[in-house]
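Report on one structure; see the data block that follows.
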Amino acid sequence: MAGVALAACTDGGAPNGSPPSAVSTMVTAGAELDGLLAITEPGRWRSTGDDRFEVWICHVTQDATAAIYGALPLRLALTPEQVTSVVAEHVTPYFETLSHGRYRPVFVAGGEATLAVDDEPQACIDEAIAGAAGDTRAVLVVADAEHGADQQGGFGSGGGSCTSAPPCAVADSRRFAYVGASDFHPDWGAAPPMDLVQHEIGHTIGWEHSALGPAGEYLSALDVMSNSAAPRQLEAERRDASGTLAVNLFTAGWLAATDVWVAPAGGGSVQLAPSLDDAGTRLAVLPCCSGSLVTVELLAAEGLNAHLPSSGIAVHVVAVGDATVQRIDPLFGEPPFTSLLQPGDVLATSGWVITVGDDFSITVTPDQPT
């Protein structure tokens, strides 16, 4: 792998396989990190402390015309209390683990809504938001119908900003997560998979997808916000998604700025701790192109990331604009990107040469004049 230039940023921040065209495209990572903080800090109330979700059931009529349901006939006898019990048992501990106790989604039984024949799922979401209690911060809506095989399994939103001092009620923010019925089918038994629900709850925190393919497909096994089912596809007994990337931990407030190493313009070295740990330098940020950051982190093959074949270094480019993280793309490897950089490997990308040390330290040097 030594010396292979796999991807780079252009001025727009997307990987395109060629180096930056001029030094003027480079910016200081410190400035970009400050910009990311400015974007994310106002919304961190969504990922701090107890976060009350009401669980609602969306009843889909047998003759529903919405394409997402694929005219499938199955309707499950789901109740808010039943689904709440399952979700609370698995999803709450997942986020407590991922955040090291900084965030705890709390699920309570809500109500039930019924779609009209030609309604889309959003009609159930709107009814759940309108019917939620005043201290509810978000809703989780579960349909009693499966989705078509060619349809997305669910979707979610972090909503808008509060009109008053945060945290704010769901009627104000309109935060929601929605999934179809497939993961609640009785064939799963007492332990249905919760990776899709965890993915959609990630959206309510404000996280975006990562490693999306040209048709919107999830390409990466490294992040709950990409292919959240990747651990289960490799280990059938898994029910939780993988962890998430360090940039998401940072934007959520679960990784402090003091645990981020920003590379000087002339390069340097740093010892990385596993990104899902609770201490140490867990994220390295390299100056890249205007509006983008290159992130480097150590993913350890343990805990939520035990599905990885081995520990190693992951490298991504994060495009930031319009007050949000817009794209996260891997800069090394091929889907599912689990062949991580190992000690002795050298990666040239985005104006940098990254060398991995024996103990997963990294040394970065500019590969063009500064």
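The values are calculated or read from the model by the stated rules, or taken from the named source; none is laboratory data. Bear in mind that the values here come from a model prediction, so they are computed numbers and not experimental data. FYI the Cβ positions are ideal-geometry reconstructions off the backbone, even for glycines, and counts take in every protein chain you see.
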Restrict the check to region 237-246 and report whether at least one residue is crowded, with 24+ Cβ neighbours inside 10 Å, in contact with a strand residue (DSSP E or B) (Cβ under 6 Å, 6 or more places away or on another chain) and under 25 Å from residue 96 (Cα atoms). yes
When region 195-233 is checked residue by residue, the ones that are surrounded by fewer than 24 Cβ atoms within 10 Å (Cβ to Cβ), among the aliphatic types (A, V, I, L, M) and out of contact with any Leu (no Cβ under 9 Å at 6 or more places or on another chain) are 196, 215
Considering only residues of region 92-105 that are of a type outside the set (S, T, N, Q) and touching a Phe, Trp or Tyr at 6+ places or on another chain (Cβ under 7 Å), which is farthest from residue 239 (Cα to Cα)? 102
Residue check for residue 165: more than 30 Å from residue 73 (Cβ to Cβ) and without any contact (Cβ under 8 Å) to a residue 12 or more places away in the chain: yes
Verdict on residue 347 being surrounded by 22 or more Cβ atoms within 10 Å (Cβ to Cβ), within 23 Å of the chain's Cα centre (by Cα), at negative phi and not hydroxyl-bearing (Ser, Thr, Tyr): no
Single match in 263, 279, 257, 273 (criterion: surrounded by fewer than 19 Cβ atoms within 10 Å (Cβ to Cβ) and either without any contact (Cβ under 8 Å) to a residue 24 or more places away in the chain or farther than 23 Å from residue 47 by Cβ (or both)): 279
Taking residue 329 as meeting all but one of (1) outside any strand (DSSP E or B); (2) within 20 Å of the chain's Cα centre (by Cα); (3) within 20 Å of residue 260 (Cβ to Cβ), write down the number of the exception. (1)
It is to be established whether one or more residues within region 112-123 are modelled with pLDDT of 95 or more, closer than 17 Å to residue 204 by Cβ and under 24 Å from the mean Cα position of the chain (by Cα). yes
Between 347, 272, which is touching a strand residue (DSSP E or B) at 6+ places or on another chain (Cβ under 8 Å), under 19 Å from residue 255 (Cβ atoms) and of a type in the set (A, V, I, L, M)? 272
Would you check which residues across region 121-133 are part of a loop (DSSP other than H, G, I, E, B) and surrounded by 16 or more Cβ atoms within 10 Å (Cβ to Cβ) and list them? 121, 132
List every residue pair whose Cβ atoms lie under 9 Å apart, where the two residues are 6 or more positions apart in sequence or sit on different chains, the first residue falls within region 283-301 and is assigned to a strand (DSSP E or B), and the second residue, located anywhere, is of a type in the set (Lys, Arg). 292/327; 297/282; 298/282
Subset of region 163-189, residues surrounded by fewer than 16 Cβ atoms within 10 Å (Cβ to Cβ) and more than 30 Å from residue 239 (Cα to Cα), comes to 163, 164, 165, 171
In region 146-199, residue nearest to residue 47 (Cα to Cα) [restricted to those that are aromatic (Phe, Trp, Tyr) and within 16 Å of the chain's Cα centre (by Cα)]: 176
